[in-house]
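Remarks on the structure that follows.
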Amino acid sequence: MTALLQSAPVMLPSVQGEGEWQPRVIGLDLSLTSTGVAGTDWAKALRPGMRRSHERMDWLCGQIRLGVHGADLVVVEGAAYAQGGQVGHHELAGLWWLVTQDLWRRRTPYAVANPHHRTIYATGRANPAQHLPRKERSRVAKGMVRSAAVDRYGVECEGPGRYDQADATILAAMGLDWLGYPTVTVPDTHRRALEAVRWPDLIPAAAN
């Protein structure tokens with residue numbers, strides 16, 4: 001899956017003084033049951049409840065559109081291909097394309113980061129719980145990403161959608177860092193994840 005490529009680069013304004021301007025970057029962790037949406041200092045989980053099929057898609061797309069309104073950049077989590085055979089994959093792929101198509105139509109630049117990129121940026125490793133028994137790795141890794149969102153960025157990720165909120169928080173932080181406006185400094189072991197992300201044709205303000 002590729003990111004939006006525009007005919008000409010989008011120029012973001014340079015910062016004139018500390019605190020005067022910061023791009024609005026939104027992270028999206030798409031899910032049929034709990035989509036994470038996050039900005040610089042907030043995160044929420046969109047949970048459609050008992051909605052199913054087209055009703056669920058319509059509700060999620062409407063809520064996501066509200067969440068990304070006015071964004072300078074959206075960082076969307078891409079597909080986890082190893083999970084392609086799971087129940088709901090077909091519908092989830094449909095949601096991904098509906099959301100990114102809407103971003104493209106509205107000329108909102110978006111980037112695509114896969115789950116490994118997100119985890120590396122948060123923890124420094126793609127599989128940070130590799131030393132643990134296989135059945136525990138995913139749960140512990142999710143907890144480590146959530147800890148990074150809470151401790152490093154100060155975003156409260158609570159409730160049933162806490163891991164989705166945390167994933168979206170890290171994605172938003174990646175976008176801000178790439179644009180030249182990191183909220184905190186992370187080590188190179190984490191920042192290397194930015195090199196593999198499919199970024200749009202957007203010129204970071206820091207390079208102007």
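Taking amide H positions as placed 1.01 Å from N in the peptide plane, with prolines and chain starts having none, which residues 5 or more places from N114, or on another chain, fall under 5 Å of its amide H?
When sequence neighbours closer than 5 places are left aside, the close amide H contacts are G78.
Starting from the 7 Å offset along Cα-to-Cβ, what nm value, one decimal, do you get for the label separation of K135 and V184?
My value for the distance between the label points is 3.3 nm.
Would you work out the relative contact order for region 23-200, in percent, from Cα pairs under 8 angstrom that are 6 or more residues apart?
33 percent
Which of L171, L32, L179 comes first, and how do the rest follow, when ranked by fewest Cβ neighbours within 10 Å?
L32, L179, L171
I need the GluC sites (Glu not before Pro) found in region 119-208, filtered to DSSP loop residues with at most 15 other beta carbons within 10 Å of theirs.
Hits after loop and neighbour filter: E156, E158.
Using a/c under 1.5 as the rounded threshold, could you call region 63-203 rounded, prolate or oblate? The axes a ≥ b ≥ c are square roots of the C-alpha gyration tensor eigenvalues, and prolate needs a/b larger than b/c, oblate otherwise.
Here region 63-203 falls in the oblate category.
What are the ³J(HN,Hα) values, in whole Hz, obtained from phi via the Karplus relation 6.51 cos²θ - 1.76 cosθ + 1.60 with θ = phi - 60°, for each residue of region 28-40 in sequence order, with x given for Gly and Pro?
10, 10, 6, 8, 6, 10, 7, 7, x, 10, 8, x, 5
Just to check I understand the Karplus step: with θ = phi - 60° and J = 6.51 cos²θ - 1.76 cosθ + 1.60, what whole-Hz values come out for region 184-194, glycine and proline as x?
The phi angles translate into 9, 8, 10, x, 4, 4, 8, 5, 4, 4, 5 Hz.
Let a ≥ b ≥ c be the square roots of the eigenvalues of the Cα gyration tensor of region 55-145; is it rounded (a/c under 1.5), or, if not, prolate (a/b larger than b/c) or oblate?
prolate
Test of understanding: ordering T33, T123 by Cβ neighbours within 10 Å, fewest first, what list do you get?
Taking fewest neighbouring Cβ atoms as first place, the list is T33, T123.
Counting other Cβ atoms within 10 Å, which trypsin sites (Lys or Arg not before Pro) in region 88-126 have at most 11 and lie in a DSSP loop?
R106, R107
None of the figures in this text is laboratory data; all of them are computed from the coordinates on show. All values derive from a computational prediction rather than experimental measurement. Reconstructed Cβ throughout: ideal geometry from the backbone, glycine too, with neighbour counts over all protein chains shown.
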